[in-house]
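Here's the structure, in structure tokens; my notes come after.
The values are calculated or read from the model by the stated rules, or taken from the named source; none is laboratory data. As the structure is a computational prediction, the values presented were derived from the model and not from experiment. Here the Cβ is made from the backbone with ideal geometry for all residues, glycine too, and neighbour counts use every protein chain on show.
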Amino acid sequence: MLSTGVRTVSRKQAGALSARLAKRSITSIVNATTRLNTRTTTTSINTGILGVAKNQMPISGGIHLQLNAARYASVTVKVPDMAESITEGTLSAYLKNVGDYVKQDETIATIETDKIDVEVNAPVSGTITELLVEAEETVEVGQDLVKIEEGAAPEGSSAPAAKEEAPKKEEPAPAKESAPAAPKKESAPAAPKKESAPPAPKKEATPKKEETSKPASGAFSRTEERVKMNRMRLRIAERLKESQNTAASLTTFNEVDMSNLMEMRKLYKDEFLDKTGIKMGFMGAFSKAASLAMKDIPAVNAAIENNDTLVFRDYVDISIAVATPKGLVTPVVRNSESRSILGIEQEIANLSKKARDGKLTLEDMAGGTFTISNGGVFGSLYGTPIINMPQTAVLGLHGTKERPVTIKGQIVSRPMMYLALTYDHRVVDGREAVTFLKTVKELIEDPRKMLLME
């Protein structure tokens with residue numbers, strides 16, 4: 001008997017109903033089923049001698065089909081809060097497309113700001129139904145970005161894969177049948193030879209290349225490409241120009257003998273590497289030396305506030321310049337005055353890795369009272385760094401080169417490095433700047449002195 005929840009029909013009527021439904025397409029049944037219930041409807045199609053069960057529809061003998069038509073709530077993903085000072089950004093790219101299933105907290109897009117890249121994560125698990133903003137467009141905090149239909153992963157997503165595998169399994173079967181026949185084997189290799197043989201398109205392609213190369217051989221290339229500056233590059237340009245227009249910049253130079261520091265690194269780099277997994281460099285020693293020199297010359301670590309107030313600090317937060325594919329970033333090593341050389345080195349390594357991986361946060365770059373820029377890693381011999389406003393000074397390190405120097409009346413070859421200190425003359429006098437740089441030089445040339453100044 002067929003029970004529909006309202007009435008009961010006989011087995012004969014069920015058979016007639018089965019014959020009529022067999023002529024209908026599965027698509028029409030799905031549409032009819034969806035109209036019956038707009039929320040969640042489950043329709044099972046099953047035929048047999050015993051009749052048709054409740055909520056089941058027959059198609060033909062021996063066929064069983066279950067269709068699920070579900071309607072879930074739609075969730076709109078908005079542009080997340082990025083920081084107090086950042087209200088907009090550029091949508092860099094979508095990592096998911098319409099129709100893709102995403103899990104909760106999975107990244108679906110990235111937004112580029114003038115400081116960092118912000119990830120947009122899915123608030124719920126579901127299927128993406130609509131992308132509301134095009135890539136490379138400007139978006140604001142709270143703006144609608146993506147629509148997701150909440151729900152479990154669709155079962156149909158695995159069905160196509162199974163259907164695609166089925167014909168692949170059937171294709172080798174006829175090949176095996178044709179294998180015993182000798183003439184078929186001969187015809188099989190003959191076909192690909194004929195297909196690969198036609199040289200006509202290749203011959204047509206070669207003269208085209210020759211035609212384009214003839215005019216190019218007698219002229220130089222004069223192509224141009226215009227690329228829009230990303231937000232980070234625009235922000236860097238703005239801040240550098242602000243520094244030039246605001247600060248009374250002046251640069252003083254000195255040179256330092258790196259022999260003792262290089263010897264110290266040679267002695268302890270393997271031990272440091274085994275303990276921390278980080279290679280020992282020069283930045284930790286220079287950061288510590290600068291922090292100690294600021295105890296004697298605190299103006300280098302000061303800043304101007306409201307154009308009429310000097311702010312002196314008892315802590316040193318050193319901004320370390322790190323080059324990334326998108327531009328220069330300056331993560332901050334906080335409280336450098338209280339860290340050891342190895343502790344500073346380890347923190348620099350961690351921040352540099354985050355910068356290269358694009359994982360820096362605003363907190364990693366906020367603040368900073370003094371900057372160290374190491375152009376020597378790229379082979380720089382000499383240069384004048386630009387102050388990172390609102391700081392007062394920046395120390396520039398350069399390449400270490402073997403040069404002849406005079407020591408106690410003897411000309412010897414030593415690994416020498418040029419140092420450059422650019423400072424804001426509104427805050428720091430020339431005497432203070434020269435004294436500061438000379439102190440850094442002395443501490444690097446004899447690292448043991450750092451223990452005496454703790």
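Test each condition in (1) of a type outside the set (A, V, I, L, M, F, W, C); (2) more than 31 Å from the chain's Cα centre (by Cα); (3) assigned to a loop (DSSP other than H, G, I, E, B) for residue 388 and report the one that comes out false.
Of the numbered conditions (1) of a type outside the set (A, V, I, L, M, F, W, C); (2) more than 31 Å from the chain's Cα centre (by Cα); (3) assigned to a loop (DSSP other than H, G, I, E, B), the odd one out for residue 388 is (2).
Determine if the stretch 268-286 includes at least one residue that is modelled with pLDDT of 90 or more, under 22 Å from residue 114 (Cβ atoms) and not small (Gly, Ala, Ser).
Within the stretch 268-286, not a single residue is modelled with pLDDT of 90 or more, under 22 Å from residue 114 (Cβ atoms) and not small (Gly, Ala, Ser).
Could you please find all residues in the stretch 324-334 being more than 24 Å from residue 298 (Cβ to Cβ) and in contact with a helix residue (DSSP H, G or I) (Cβ under 8 Å, 6 or more places away or on another chain)? Can you show your working first?
The initial filter retains those residues of the stretch 324-334 that are more than 24 Å from residue 298 (Cβ to Cβ), namely 324-329.
Residues satisfying the conditions are 324, 326, 327, 328, 329.
Tell me which residues, restricted to the stretch 320-352, are under 28 Å from residue 453 (Cα atoms) and assigned to a loop (DSSP other than H, G, I, E, B).
Residues satisfying the conditions are 321, 330, 331, 334, 335, 339, 340.
Could you check how many residues of the stretch 365-385 are touching a strand residue (DSSP E or B) at 6+ places or on another chain (Cβ under 7 Å), outside any loop (DSSP other than H, G, I, E, B), among the aliphatic types (A, V, I, L, M) and at pLDDT below 95?
Looking only at that region, the number is 1.
Return only the number of the condition from (1) loosely packed, with under 14 Cβ neighbours inside 10 Å; (2) touching an Asp or Glu at 6+ places or on another chain (Cβ under 7 Å) that residue 257 does not satisfy.
Just one mismatch for residue 257, condition (1).
Quick one: in the stretch 110-132, which of the residues that are over 12 Å from residue 97 (Cα atoms) and β-branched (Val, Ile, Thr) is surrounded by the most Cβ atoms within 10 Å (Cβ to Cβ)?
Initial filter on the stretch 110-132 (over 12 Å from residue 97 (Cα atoms)): 110-126.
Applying the additional criterion that residues be β-branched (Val, Ile, Thr) yields 110-111, 113, 116, 118, 120, 124.
Working: 110: 18, 111: 25, 113: 20, 116: 23, 118: 21, 120: 20, 124: 16.
Among those residues, the one meeting the criterion is 111.
Looking for something buried (at least 20 other Cβ atoms within 10 Å of the Cβ) and of a type in the set (A, V, I, L, M) - is there at least one such residue anywhere in the stretch 357-366?
yes
Given 357, 308, 364, 317, which one is touching a residue at least 24 places away in the same chain (Cβ under 8 Å), of a type in the set (Asp, Glu), assigned by TED's automatic domain parsing to the domain that holds residue 277 and out of contact with any Pro (no Cβ under 8 Å at 6 or more places or on another chain)?
Working: 357 fails: touching a residue at least 24 places away in the same chain (Cβ under 8 Å); 308 fails: touching a residue at least 24 places away in the same chain (Cβ under 8 Å); 364 fails: out of contact with any Pro (no Cβ under 8 Å at 6 or more places or on another chain).
Of 357, 308, 364, 317, the one residue that is touching a residue at least 24 places away in the same chain (Cβ under 8 Å), of a type in the set (Asp, Glu), assigned by TED's automatic domain parsing to the domain that holds residue 277 and out of contact with any Pro (no Cβ under 8 Å at 6 or more places or on another chain) is 317.
When you go through 285, 321, 303, 290 one by one, which is the residue that is of a type in the set (Gly, Ala, Ser) and farther than 24 Å from residue 442 by Cα?
Working: 285 fails: farther than 24 Å from residue 442 by Cα; 321 fails: farther than 24 Å from residue 442 by Cα; 290 fails: farther than 24 Å from residue 442 by Cα.
Exactly one residue qualifies, and that residue is 303.
When the stretch 265-318 is examined, which residues are found to be small (Gly, Ala, Ser) and closer than 18 Å to residue 451 by Cα?
Of the residues in the stretch 265-318, the ones small (Gly, Ala, Ser) are 277, 281, 284-285, 287, 289-291, 293, 299, 302-303.
Listed by number, the residues that qualify are 284, 285, 287, 289, 290, 291, 293.
Quick check, is residue 291 of a type in the set (Ser, Thr, Tyr) and crowded, with 20+ Cβ neighbours inside 10 Å?
Working: of a type in the set (Ser, Thr, Tyr): yes; crowded, with 20+ Cβ neighbours inside 10 Å: yes.
Yes: the conditions hold for residue 291.
With respect to residue 131, is the statement that it is farther than 28 Å from residue 239 by Cα and not assigned by TED's automatic domain parsing to the domain that holds residue 358 true?
On the way: farther than 28 Å from residue 239 by Cα: yes; not assigned by TED's automatic domain parsing to the domain that holds residue 358: yes.
Yes, satisfied.
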